[in-house]
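The values are calculated or read from the model by the stated rules, or taken from the named source; none is laboratory data. Computed from a prediction, not measured in an experiment: that's the story for all the values here. Methodologically, a virtual Cβ is constructed for each residue, glycine included, from the backbone with ideal geometry; neighbour enumeration extends over all protein chains shown.
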Amino acid sequence: MSEGNHSKILECHECALGVNIPALVCGQKARCPRCGFVLTSIHNNAIERILAFSVTALIFLFASLPFDFLSFRSNGLENKFSIISSFSILIENDYEVLAFLELLTIFAIPTILLISVIYLLIPLRKGIYPNKGHWVLKMIYKLLPWSMVEIFLIGTLVSLVKIIGIADVQLGPSFFAFIFFTVSMTGALLHIDRSSLTQRLNQANILLSKQDIQETNLLSSKKFSVQHTWALIITSVALYIPANVLPIMNTRLLGQDDPSTILGGVVLLWGMGSYPIALVIFIASVAVPVAKILALAWLNYSVQFEQSNLTTERIKLYRLAEFVGRWSMVDVFVVIILASLIQLGNTISIYPGSATIAFSGVVIVTMLAAMSFDPHLIWKSSESYDKTDC
């Protein structure tokens, strides 16, 4: 990855164009001339950097688990929680689904990703092929969208803004460890280049069979892509209605329940003068899901009826929809953090509302819809689609 590459042909992941890539030097990247997708990029000492970031991230991840994450004090009453205890708090309050989502997205999947990256790169540094290396690389890229540590961190900051005016909130050691974990993991993932890793795996395994090579091809045939995407879009619309009508959070103050919807929370924050946070919640929880559903519906409609115009605009819209969809989870994480932190019985407690599950479903299903959509179909009716080399 830090070494220059020989000239090679890469197939674009998004439009299937075969592109002849010349030898690249550190700091250079190659883009598809048809759709602009980044085919490969070269980083200086990439393997060493990825390994250093990955090991550091693992250390800080496990350091962030057992200690206090946040503490809350109001009117002489105090409560605190760690990341581990937040799982048990959610389970005790019969929100096993949210506990599972939190465990999966901020611990299990990131741990698997980091261990998998280390597993691949340690032998590759010595030119040794790791067992099932291509399968592990494919799994890494399948899991990447479901790692949401940075979104959880943003959700924590939003939670702090929501409660800092009514209580004394202190940051525990785990909070700072989680920040270092997030930064380290982001650094590792930014240096990973799938094309370069695939090339290294191929070079390390000189006995790679023809069947194995076919399995490592970046492109995969997606049969019934349009039908699957329509089914997921319709499901997301069905889930979006209860996600906005039902309360996403219930605040119990002195024995009185005060449920609030997503829009209700936005209005409350705006009324309190927290305009930036209100905008973040509105964009992430209201505007983005609606925009993503509409964008995917239009993209799927356009490929179903083989429209050949606006190919560049459609591929940009697809990339945007694929990127922003996961950030809608910020509101779910806000609820999880507040429910874990503010548990003072009838004095003041916060509980997740029914809409939290429905909204989590909207985010997950729209992410699956974006993954189900085949961007190759955008270019299939284009005059240049049959061009296989450039």
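Numbers below:
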read-out: Long-range neighbours under 8 Å by Cβ, at least six apart or interchain, first residue in a loop (DSSP other than H, G, I, E, B) within the stretch 294-320, second of a type in the set (Asp, Glu); value: SER308/GLU383
read-out: Counted residues, the stretch 77-131 - those being of a type in the set (Lys, Arg) and over 25 Å from LEU190 (Cβ atoms); value: 1
read-out: Cβ pairs under 8 Å, 6+ apart, first in the stretch 175-187 and over 8 Å from THR56 (Cβ atoms) and in the same structural domain as LEU70 (by TED's automatic domain parsing), second among the charged types (D, E, K, R) and in a helix (DSSP H, G or I); value: THR182/GLU150; THR186/GLU150; GLY187/ARG49
read-out: Failed item in (1) touching a strand residue (DSSP E or B) at 6+ places or on another chain (Cβ under 6 Å); (2) of a type outside the set (Ser, Thr, Tyr); (3) not in a strand (DSSP E or B), with ASN20 passing the rest; value: (3)
read-out: Residue within the stretch 36-59 that is on the phi > 0 side of the Ramachandran plot and of a type outside the set (A, V, I, L, M, F, W, C) present; value: yes
read-out: Residue satisfying condition, being in the same structural domain as ARG200 (by TED's automatic domain parsing), modelled with pLDDT of 90 or more and within 30 Å of VAL158 (Cα to Cα), within set LEU121, LEU113, LEU70; value: LEU113
read-out: Filtered residues of the stretch 221-280 (kept if out of contact with any Phe, Trp or Tyr (no Cβ under 8 Å at 6 or more places or on another chain), more than 30 Å from HIS376 (Cα to Cα) and of a type in the set (Gly, Ala, Ser)); value: GLY255, SER260, GLY264, GLY265, GLY271, GLY273, SER274
read-out: Every residue from the stretch 29-53 that is in contact with a strand residue (DSSP E or B) (Cβ under 9 Å, 6 or more places away or on another chain), among the β-branched types (Val, Ile, Thr) and under 21 Å from LEU124 (Cβ atoms); value: THR40, ILE42
read-out: Test: residue in the stretch 86-101 that is over 25 Å from the mean Cα position of the chain (by Cα), under 17 Å from VAL334 (Cα atoms), surrounded by 16 or more Cβ atoms within 10 Å (Cβ to Cβ) and outside the structural domain of LEU201 (by TED's automatic domain parsing); value: yes
read-out: The stretch 291-316 - residue that is under 14 Å from ALA369 (Cα atoms) and crowded, with 16+ Cβ neighbours inside 10 Å and, of those, nearest to the chain's Cα centre (by Cα); value: LYS292
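Residue-wise test of (1) out of contact with any Ser or Thr (no Cβ under 7 Å at 6 or more places or on another chain); (2) charged (D, E, K, R).
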{"position": "GLN227", "(1), (2)": "yes, no"}
{"position": "ILE234", "(1), (2)": "yes, no"}
{"position": "ILE241", "(1), (2)": "yes, no"}
{"position": "ASN244", "(1), (2)": "no, no"}
{"position": "MET249", "(1), (2)": "no, no"}
{"position": "ARG252", "(1), (2)": "no, yes"}
{"position": "GLN256", "(1), (2)": "yes, no"}
